Amino acid sequence: MDGQTWERMWGHVERVHPDGGAVAAAIRSAARLARPSVPPVPNYKLSMSIPEWLQAIQTYMKMLQYNHTGTQFFEIRKTRPLSGLMETAKEMTRESLPIKCLEAVILGIYLTNGQPSVERFPISFKTHFSGNYFHHVVLGIYCNGRYGSLGMSRRSDLMDKPLTYRTLSDLIFEFEDSYKKYLHSVKKVKIGLYVPHEPHSFQPIEWKQLVLNVSKMMRTEVRKELEKFARDMRMKILKPSSAHSPMKERSRGKSLSPRRRQASPQRRACRRDKSPAVVDKKGDLATLNEVGYQLRI
């Protein structure tokens, strides 16, 4: 961490902490500080049920604590391949620093790898409060016909949810009701696709396969769209948008189209076939020149 970032972090602490600059000065001037605890990374045991394992992961995240410093300690680029994001998750377990919601999603994916019965997918929220917009993301969980979530937030009811919700819409409406407690109105909900359990995959995470403008929809409409999407996901019908991009390029008639590559030699041949006609035209023009026409070359 460079000096500018370090000082910016302490400036944020002075602005948001109830004791202001006093707490920052006390920590920075202390001769000796207690060594921070490093929570052990949870290990799955065969005797554990899936809900117990998910609770162990969530407990580990809470022990890392939410990052209130105003400085994100780990760079998360959403377009990065899954393999690179898993390396970042390993770094989180080594450093044991506080994390925010996006980092918690990546860490949750990393810790639930190897459990094929547990499907993971991102759920993003855009909310409005007091003239400002806020963004939040959690890791949706589907297992044995029930939905839940993992994550981190400043609010305890906007992060993890138990694996007890029968439908995806029930889970989303639970988050929406929790937001209402803090006078936040949910504007948009974005649902991604299932994240593969292959940690070395070069495929990026699909973050927003379904986007719902819930503020302009009735709950019945939202439920209908969510249940259709959840059914398609369970049936493995939906594919990442990156998988469809070559087809989109072909439909737009770009140079990558196989049909154009096949037709182009024929067009070149046609141009070569037309070359003798050019010679004939030159001959005709030469004849015209003899009777008084002026040629410009």
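What to note about this one:
- So LYS180, is it open to solvent by less than 70 Å² (accessible area, probe 1.4 Å), among the basic types (Lys, Arg) and either modelled with pLDDT of 95 or more or over 17 Å from HIS135 (Cα atoms) (or both): no
- Checklist (1) in a strand (DSSP E or B); (2) farther than 19 Å from ARG120 by Cβ; (3) open to solvent by 20 Å² or more (accessible area, probe 1.4 Å) applied to VAL186, failing item: (3)
- In the set (1) under 19 Å from the mean Cα position of the chain (by Cα); (2) part of a loop (DSSP other than H, G, I, E, B), ALA104 fails one condition alone, (2).
- Residue check, VAL13 open to solvent by less than 70 Å² (accessible area, probe 1.4 Å) and touching a His at 6+ places or on another chain (Cβ under 6 Å): no
- Answer residue from region 189-218, given it is part of a strand (DSSP E or B) and farther than 14 Å from GLY140 by Cα and is least open to solvent (accessible area, probe 1.4 Å) among those: LEU212
- Of the candidates ALA31, ALA89, the single residue that is more than 17 Å from SER153 (Cβ to Cβ) and not in a helix (DSSP H, G or I) is ALA31.
- For the residues TYR142, TYR110, TYR165, TYR133, the requirement of being under 18 Å from ALA56 (Cβ atoms), open to solvent by 10 Å² or more (accessible area, probe 1.4 Å) and either at pLDDT 95 or above or not basic (Lys, Arg) (or both) singles out TYR110.
- Apart from one condition, ILE27 fits all of (1) surrounded by 14 or more Cβ atoms within 10 Å (Cβ to Cβ); (2) touching a Leu at 6+ places or on another chain (Cβ under 8 Å); the exception is (1).
- Restricting the first member to region 71-85 and to residues that are part of a helix (DSSP H, G or I), and the second to residues that are small (Gly, Ala, Ser), the beta-carbon pairs closer than 8 Å and six or more apart or on different chains are LEU82/SER201; SER83/SER201.
- Filtering region 78-105 to residues that are open to solvent by 40 Å² or more (accessible area, probe 1.4 Å) and under 29 Å from HIS17 (Cα atoms) leaves GLU91, ARG94, GLU95, LEU97, LYS100.
- Close contacts from region 132-159, counting a first residue that is farther than 21 Å from ILE109 by Cβ and a second that is assigned to a strand (DSSP E or B), with Cβ to Cβ under 9 Å and a gap of 6+ residues or different chains, come to TYR133/LYS126; TYR133/THR127; TYR133/LYS187; PHE134/PHE125; PHE134/LYS126; PHE134/THR127; PHE134/HIS128; ARG154/TYR66.
- Residue check, MET63 touching a residue at least 12 places away in the same chain (Cβ under 8 Å), of a type in the set (A, V, I, L, M), open to solvent by 10 Å² or more (accessible area, probe 1.4 Å) and under 22 Å from MET9 (Cβ atoms): yes
- Filtered residues of region 145-160 (kept if assigned to a strand (DSSP E or B) and open to solvent by 20 Å² or more (accessible area, probe 1.4 Å)): ARG146
- Scanning region 64-76 for residues that are over 20 Å from HIS17 (Cα atoms) and either at pLDDT 95 or above or touching a His at 6+ places or on another chain (Cβ under 6 Å) (or both) yields no hits at all.
- Near pairs, Cβ below 7 angstrom, 6+ apart or cross-chain, from region 162-183 (at positive phi) to any residue that is open to solvent by 70 Å² or more (accessible area, probe 1.4 Å) and modelled with pLDDT of 95 or more: LEU183/PHE129
The values are calculated or read from the model by the stated rules, or taken from the named source; none is laboratory data. Since the model is a prediction, treat every value here as computed from it, not as a measurement. Neighbour counts are summed over all protein chains in view; Cβ atoms, including those assigned to glycine, are modelled from backbone coordinates with ideal geometry. Areas reflect the complete protein model, heavy atoms only, side chains present, ligands, DNA and RNA absent. Shrake-Rupley method; radii C 1.70, N 1.55, O 1.52, S 1.80 Å.
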